[in-house]
Amino acid sequence: MFESRPDRDAEIVLVGRSNVGKSTLMREITGHTFDTGQRPGVTRSPNHFDWASADFVISDLPGFGYMKGVPEEVREEIKTDVVRYVERNAEKILVGILVVDGKSVIDIIDRHSGPDEIPHDVEMFHFLREVGVEPVVAVNKMDKVENEEERLNELCDRLGLHPPWQQWQETIAPISAKRGSIEPLNEAVRHHLHEAQRDDLFQFF
Ligand SMILES: Nc1nc2c(ncn2[C@@H]2O[C@H](COP(=O)(O)OP(=O)(O)O)[C@@H](O)[C@H]2O)c(=O)[nH]1
Ligand SMILES: [Mg+2]
């Protein structure tokens, strides 16, 4: 199911739980509509978007974590697929955009933190770093968040980044994909593209 990847040497992936706004963000970045707002759990293969003119692909990977009506076993398979995809293509992936829901992410992380439990989002953040993919956390749905600063500082804390969040603007990007307000993410992505000496890809961000 993960066989459809276009043959491109540079890639950016979007990962995250289902319903956080990955497909909405994908649309905002590419100008192309994908299956946003569909019944969660339906998409099990990535949505790739590539350009004929550039050696670059952006991929919206299937959502992991809790999904209503999707058995635990299937959820685990999806997560394994996502992890394998990132591992297999790690050399080509310049940035891993971890999309989270700014309104609920802290509650979800805290609910799943324990002596032998690591929350999916925290695990994914560290996983990206471990395989050498620069993570950028797109903290989406900020239009619904009231205490913005506090939330972003809490998120930093949970990810092991010392607050204040403003120190981490290459890593933490508060956005509202639905409203088309994604400049902090574009800036963070451009930072990493520059570091990777791929300023030629700035045209997409
Ligand atoms: N309030 C708000 N809702 C959003 C935002 N981005 C996406 N959504 C909504 O969140 C839901 C899930 O979005 P979708 O892109 O399908 O999430 P995905 O499952 O991660 O691909 C949809 O109803 C979107 O309209 C945002 O920035 N603000
Ligand atoms: Mg989607």
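The values are calculated or read from the model by the stated rules, or taken from the named source; none is laboratory data. What you are looking at is a predicted structure, and each value in this text was computed from that prediction instead of being measured. In this analysis, Cβ positions are derived from the backbone assuming ideal geometry, glycine residues included, and neighbour counts consider all displayed protein chains.
In the set Leu161, Leu155, only one residue is surrounded by 19 or more Cβ atoms within 10 Å (Cβ to Cβ) and touching a Phe, Trp or Tyr at 6+ places or on another chain (Cβ under 8 Å); that residue is Leu155.
Residue pairs whose Cβ atoms lie under 9 Å apart, separated by 6 or more positions or on different chains, with the first residue in segment 117-144 and touching a residue at least 12 places away in the same chain (Cβ under 8 Å) and the second among the acidic types (Asp, Glu) and outside any helix (DSSP H, G or I), are Leu128/Glu134; Gly132/Glu91; Glu134/Glu170; Val136/Glu170; Val139/Asp101; Asn140/Asp101; Lys141/Asp101; Lys144/Asp101.
Taking the condition within 15 Å of the chain's Cα centre (by Cα), more than 16 Å from ligand 2 (Cβ to nearest atom) and without any contact (Cβ under 8 Å) to a residue 60 or more places away in the chain, does Val83 pass? Yes.
Here the condition is being in contact with a Gly (Cβ under 9 Å, 6 or more places away or on another chain) and within 16 Å of ligand 2 (Cβ to nearest atom); of Val133, Val139, Val99, it holds for Val99 alone. Among the residues that make up segment 139-146, is at least one of them buried (at least 16 other Cβ atoms within 10 Å of the Cβ), within 23 Å of Gly63 (Cα to Cα) and touching a Leu at 6+ places or on another chain (Cβ under 8 Å)? The answer is yes; a qualifying residue exists.
For segment 101-134, filtered to residues that are over 17 Å from Leu161 (Cα atoms) and part of a strand (DSSP E or B), the residue that is modelled with the highest pLDDT is Asp101.
The single condition from (1) over 13 Å from the mean Cα position of the chain (by Cα); (2) at pLDDT 95 or above; (3) assigned to a helix (DSSP H, G or I) that Pro163 fails is (3).
Among the residues making up segment 55-79, those that are within 16 Å of ligand 1 (Cβ to nearest atom), closer than 12 Å to His120 by Cα and surrounded by fewer than 22 Cβ atoms within 10 Å (Cβ to Cβ) are Gly65, Tyr66, Arg75, Lys79. Being crowded, with 20+ Cβ neighbours inside 10 Å and either within 16 Å of ligand 2 (Cβ to nearest atom) or closer than 22 Å to Glu11 by Cα (or both) is not true of Val105.
Within segment 179-197, the set of residues being in contact with a strand residue (DSSP E or B) (Cβ under 8 Å, 6 or more places away or on another chain) and surrounded by 17 or more Cβ atoms within 10 Å (Cβ to Cβ) comprises Ile182, Pro184, Leu185, Ala188, Val189, His192, Leu193.
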